[in-house]
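This report concerns only the one structure given below.
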Amino acid sequence: MQTFESFGLDARILRALSDQGYTTPTPIQAQAIPVVLLGKDVMGAAQTGTGKTAGFALPIIQRLLPLANGSASPARHPVRALMLTPTRELADQVYDNVARYAKHTDLRSTVVFGGVDMNPQTDALRRGVEILVATPGRLLDHVQQKSVNLSQVQMLVLDEADRMLDMGFLPDLQRIINLLPAQRQTLLFSATFSAEIKRLAASYLKQPVTIEVARSNSTAENVRQMVYQVEDGHKQAAVVHLLKQRAEQGLSRQCIVFVNSKIGCSRLARHLEREGINAAAIHGDKTQTERMQTLDGFKSGTIDALVATDVAARGLDIPDMPCVVNFDVPYSAEDYVHRIGRTGRAGASGDALSIYVPGNDERLLSDIEKLIKRSIPRGKLEGFDPTGERARQGDTERRRERGDVRRTRGNGEGEERPRRHEHAGSRQVFRPSDDPFFSRPYEPSANSAQIKASEEVAAALSRGRQAPKRPVAALLGGVPRKS
């Protein structure tokens, strides 16, 4: 069996791998590490979650070790390896892996991405780093502020290159590459090999070695895929049903729920919260601080359902993620591959569940099945009650049972007592004949003078004459006394 020692990696790197519990390389690592160590350009593709990051990070650290030093001078720590990623979350994740692999060496690394304050990033860059992980936009911001120099970069990594193209980063990539030395090693890694990726590789790579350990656009065999049909308007109830059903079956309720729109993302997260499921939304309108706090809460287990747009479909590496739910069928078939790649990582098993509405999503499902070259099984939501009618009927039956005839206490013969609503005779019902006041004949009021005065005023008003002053006072509550 092949091990990391067989690659000739430095003892300090092997020690870091041992700290992480890694002993056996994945297929993409086994093929990529020797080629990168030789200094050749690489065009690598593998299913997401198979360890591409270590496939390029470990050999880069190995090649930079002869240049590592403990000097405090920033000039002794220029940027020698640049790793570009399409999203902030992926950049932070790649940096975290690089820092762990190089923690026993003198190599310095940092990460820069948008959405957060630039000043701490600028300070780290000016102190000097050999390995820089960045998103294209924020890197160009630092270039414009002259806080980073890329003239000594020896190795360039384009991670999730297909996603960069989808997000429109090609002009930024061109500007960055123009700042790099022409003599460099370029590594392009992606989950899929599209025609656009091949054209990009032809432009930036020199005689690359192609490494493809899995069929293009394929999905992991250890991920159980299932599609559930629901009527339009019942999708939120279906997600709640699926998550609660998993909990009842003893399965983990933690999952990532993918939604196509930002508004739908926030709306679904609020609905899940109302249904008693700890949920949080993550999308492009969230600040970077909010997104990182949400991810930390999800990784720690305080959040059960992470409702996300495709900003989180790439690069999220959460160990043992048990389930992914497609609340919306993705518009792009490739995005389906990346979404469900969040589960079943590193050989673990996982569930990829999708919800679709007949008529609206059938074409999208057909495109996905054509891409992955397999049919996705259709499932049935057992016990699904989207309108709550079954629960209301159960409540009605229970109320009837409580009102029905009950057994008397202490009578072993099973005698029955009347229903509660038949005990009307035990209640005191008021009847007017019970009070002698209502039987007395009518008697005029003792203050008949006031009543007579009121009648005189009414008669005077009806004739259009001015009413006498004295009776008016009676109308207002009494006749004033004479002084």
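The values are calculated or read from the model by the stated rules, or taken from the named source; none is laboratory data. Bear in mind that the values here come from a model prediction, so they are computed numbers and not experimental data. In this analysis, Cβ positions are derived from the backbone assuming ideal geometry, glycine residues included, and neighbour counts consider all displayed protein chains.
General remarks:
- If the condition is being buried (at least 16 other Cβ atoms within 10 Å of the Cβ) and either more than 17 Å from A81 (Cα to Cα) or not assigned by TED's automatic domain parsing to the domain that holds R138 (or both), then region 176-208 contributes S190, A191, T192, F193, S194, I197, L200, A201, P208.
- Of all residues making up region 83-99, the number that are at pLDDT 95 or above and either assigned to a loop (DSSP other than H, G, I, E, B) or buried (at least 24 other Cβ atoms within 10 Å of the Cβ) (or both): 3
- V129 at pLDDT 95 or above and of a type in the set (V, I, T): yes
- Residue check for I263: within 23 Å of E231 (Cβ to Cβ), assigned to a helix (DSSP H, G or I), not assigned by TED's automatic domain parsing to the domain that holds D166 and not polar (S, T, N, Q): yes
- Number of the condition not met by A124 [criteria: (1) free of Cβ contacts under 8 Å to residues at least 24 places away in the same chain; (2) assigned to a loop (DSSP other than H, G, I, E, B)]: (2)
- Just one of the numbered conditions (1) at pLDDT 95 or above; (2) touching a strand residue (DSSP E or B) at 6+ places or on another chain (Cβ under 7 Å); (3) surrounded by 19 or more Cβ atoms within 10 Å (Cβ to Cβ) is not true of A124: (3).
- From the list A11, A32, the lone residue that is surrounded by 24 or more Cβ atoms within 10 Å (Cβ to Cβ) and either in the same structural domain as D159 (by TED's automatic domain parsing) or within 14 Å of V213 (Cβ to Cβ) (or both) is A32.
- With respect to the conditions (1) part of a loop (DSSP other than H, G, I, E, B); (2) within 36 Å of the chain's Cα centre (by Cα); (3) within 20 Å of E212 (Cα to Cα), T23 falls short on a single one, namely (3).
- Considering residues of region 35-45 that are closer than 15 Å to S6 by Cα and touching a residue at least 12 places away in the same chain (Cβ under 8 Å) only, the residue surrounded by the fewest Cβ atoms within 10 Å (Cβ to Cβ): L37
- Check on T105, crowded, with 16+ Cβ neighbours inside 10 Å, part of a loop (DSSP other than H, G, I, E, B) and modelled with pLDDT of 90 or more: yes
- Check on I277, without any contact (Cβ under 8 Å) to a residue 60 or more places away in the chain, surrounded by 14 or more Cβ atoms within 10 Å (Cβ to Cβ) and touching a Ser or Thr at 6+ places or on another chain (Cβ under 7 Å): no
- Residue in region 33-50 that is closer than 30 Å to H338 by Cα, outside any loop (DSSP other than H, G, I, E, B) and hydroxyl-bearing (S, T, Y) present: no
- Of A391, A313, all but one fail to be under 18 Å from the mean Cα position of the chain (by Cα), at pLDDT below 60 and not β-branched (V, I, T); the exception is A313.
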